[in-house]
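The structure under discussion appears below in the form of structure tokens.
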Amino acid sequence: KISEKYDKVFATGCMPIEPDGPKGPKANAAFVVLARNKELEGVIQSLKSIERHFNRWFHYPYVFLNDGDFDDDFIATVKNYTSAPVEFGKIDNSMWGFPDWVDPEVAKEGVRKQGDAAIMYGGMESYHHMCRFYSGHFYKHPLLMKYEWYWRLEPEIKYFCDITYDPFIKMQEANKTYGFTIAVKELRETVPNIFRYASAYKRKNNIKSKGLWEMFLEPPPEKEEVPPEEEQKQEKLPDEILQTEPGDKTLDDIDPEAMEGESYNMCHFWSNFEIARLDWFRSKEYEDFFNMMDRSGGFWMERWGDAPIHSLAAGALLSPADIHYFRDFGYRHTTIQHCPANAPARQLPREPYLEKTTDDEKKRIEEDEYWATPDPVKENGVGCRCR
Ligand code: GDP
Ligand code: MN
């Protein structure tokens, strides 16, 4: 039975919070918020929402990070919206901006071209730095080194269900590494070459799929189908960006054969919400993955997001059992949302307001029919059911 192999919702039905607050162990965890001073309003919205629906009971600390300095108003205002501990940190040049092995003029030109091509955020240098920071650095920031787990929070997000259990503890108990709540398709033009490199990483390190990789694959094309001309002519990333020493390995030699006919279906876990183990990112395998992706220049010559980077790394290194789908978290960011069956708006026809979960409901929940969307991880191999 599939549900024995894959993960299940951590708590079935409505779980009221104990009147004196949750008991039980706390995880070594923090919220991570990357933001700029000008985003204060959006940050307040997010804080109000997560405090109201979760953290007023759990009091997990926050770590705010910025490539600039947070101003006094930002710091004072944030502290007003939570009683949990808050730390504010600056990101230095070792984690933000161009590393010394990149020729900034080449990279800036690459960014400029993406702006001309009207690629979403493609022309915005700071956005590229942000994606690279979230791909390969945040988990090593000095303020995060003491933590085992993080929960990513962004400005202008909204939670609409109470979260009355501790997701870190549940993930720990269930031996999970990475949790998501929404999977969507990436804009192809932001990542034209990402899969070639991820695939090459997998092949060069002799990594066999543990069953998650397939979630990111396009179903094999029909026999006679000829790939569109455009894709055949796909340019490789220019090597000029790399200031490699003679004899250094480059990625020139990646032959298309290496991908064994696989191609990326653009599916990724939407990383503006994430609950994950920091030590996975700090592992040698993830580090190698990031470094190889980084050296390709794709963070500038294309506009690789941290979401497809995290997702393809998970695909290469993790198994479906390591992933948790928080299908019970009502979550919205900009225009995309996940509205689960336990969201208040979906319970309106019920009288009286849901207090107890009936046996029939429990059964449906366990069978996973209750949830708004099918589990994208379960749907692997047939192309991900992204929205
Ligand atoms: P979107 O969600 O992809 O539309 O991108 P956002 O503009 O929300 O950026 C993603 C996250 O990175 C948010 O938490 C932003 O506050 C943060 N962010 C983006 N660019 C910068 C930047 O240049 N500096 C800082 N400090 N944060 C940034
Ligand atoms: Mn955002």
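Restricting region 46-76 to residues that are farther than 25 Å from residue 96 by Cβ and touching a Pro at 6+ places or on another chain (Cβ under 7 Å) leaves a set whose member that is farthest from ligand 2 (Cβ to nearest atom) is 57. Just give me the residues in region 161-195 being assigned to a loop (DSSP other than H, G, I, E, B) and within 26 Å of residue 36 (Cβ to Cβ), in sequence order. Once the filter is applied, which keeps residues that are assigned to a loop (DSSP other than H, G, I, E, B) and within 26 Å of residue 36 (Cβ to Cβ), region 161-195 yields 181, 182, 186, 187, 191. Could you say whether any residue in region 77-99 is within 30 Å of residue 164 (Cβ to Cβ), acidic (Asp, Glu) and away from ligand 2 (no atom under 16 Å from the Cβ)? Scanning region 77-99, I find at least one residue that is within 30 Å of residue 164 (Cβ to Cβ), acidic (Asp, Glu) and away from ligand 2 (no atom under 16 Å from the Cβ), so the answer is yes. Pairs are defined by a Cβ separation below 7 Å, a sequence spacing of at least 6 or placement on different chains, a first member in region 153-177 that is closer than 19 Å to residue 46 by Cβ and at pLDDT below 95, and a second member that is within 16 Å of ligand 1 (Cβ to nearest atom) and small (Gly, Ala, Ser); the pairs so defined are 158/49; 159/49.
The condition of being basic (Lys, Arg) and within 16 Å of ligand 2 (Cβ to nearest atom) holds for residue 36. Look at residue 123 and say whether it is more than 13 Å from ligand 1 (Cβ to nearest atom) and under 24 Å from residue 31 (Cβ atoms). Judged against the criteria, residue 123 is not a match. Could you please find all residues in region 325-341 being away from ligand 1 (no atom under 16 Å from the Cβ) and either in a loop (DSSP other than H, G, I, E, B) or more than 18 Å from residue 7 (Cα to Cα) (or both)? If the condition is that a residue be away from ligand 1 (no atom under 16 Å from the Cβ) and either in a loop (DSSP other than H, G, I, E, B) or more than 18 Å from residue 7 (Cα to Cα) (or both), then 326, 327, 328, 329, 330, 339, 340, 341 are the ones that fit.
Looking across region 48-68 at every residue that is within 16 Å of ligand 1 (Cβ to nearest atom) and under 25 Å from residue 92 (Cα atoms), the one that is surrounded by the fewest Cβ atoms within 10 Å (Cβ to Cβ) is identified as 68. For region 268-284, give me each residue that is within 26 Å of residue 31 (Cβ to Cβ), more than 16 Å from ligand 2 (Cβ to nearest atom) and not in a loop (DSSP other than H, G, I, E, B). Within region 268-284, 275, 276, 277, 278, 279, 280, 281 qualify.
When restricted to residues that are within 13 Å of ligand 1 (Cβ to nearest atom) and assigned to a helix (DSSP H, G or I), region 126-142 contains 11. Only one of the listed residues (296, 263, 271, 283) is modelled with pLDDT under 95 and not basic (Lys, Arg). That residue is 263. Beta carbons closer than 9 Å, at least 6 apart along the sequence or on distinct chains, never pair a first residue in region 21-50 that is over 26 Å from residue 140 (Cβ atoms) and part of a strand (DSSP E or B) with a second that is modelled with pLDDT of 95 or more and within 16 Å of ligand 2 (Cβ to nearest atom).
Scanning region 146-181 for residues that are under 19 Å from the mean Cα position of the chain (by Cα) and farther than 24 Å from residue 49 by Cβ yields 148, 172, 175, 177. Within region 149-185, restricting attention to residues that are aliphatic (A, V, I, L, M) and within 16 Å of ligand 2 (Cβ to nearest atom), the residue that is farthest from residue 308 (Cα to Cα) is 157.
Residues that are out of contact with any Asp or Glu (no Cβ under 8 Å at 6 or more places or on another chain) and of a type in the set (Val, Ile, Thr) were ranked within region 275-331; the one that is surrounded by the fewest Cβ atoms within 10 Å (Cβ to Cβ) is 275. Of all residues in region 51-61, those satisfying the criterion of being of a type outside the set (Phe, Trp, Tyr) and either assigned to a loop (DSSP other than H, G, I, E, B) or farther than 22 Å from residue 73 by Cα (or both) are 52, 53, 55, 56, 59, 61.
Consider region 7-28 and keep the residues that are surrounded by 16 or more Cβ atoms within 10 Å (Cβ to Cβ) and either of a type in the set (Val, Ile, Thr) or within 15 Å of ligand 1 (Cβ to nearest atom) (or both). The one that is nearest to residue 212 (Cα to Cα) is 9. The single condition from (1) within 20 Å of residue 155 (Cα to Cα); (2) at pLDDT 95 or above that residue 304 fails is (1).
With respect to the conditions (1) assigned to a helix (DSSP H, G or I); (2) modelled with pLDDT under 90, residue 350 lacks only one, and its number is (1).
Of the residues making up region 1-48, those that are in contact with a Phe, Trp or Tyr (Cβ under 7 Å, 6 or more places away or on another chain) and at pLDDT below 95 are 7, 10, 11, 15, 17, 21, 22.
Of note, residue 31 satisfies the criterion of being under 30 Å from residue 212 (Cβ atoms), in contact with a strand residue (DSSP E or B) (Cβ under 8 Å, 6 or more places away or on another chain) and within 16 Å of ligand 2 (Cβ to nearest atom).
The values are calculated or read from the model by the stated rules, or taken from the named source; none is laboratory data. In this text the structure is predicted, and so the values were computed from the model without any measurement. Note: ideal-geometry Cβ built from the backbone for every residue, glycine included; neighbour counts use all protein chains shown.
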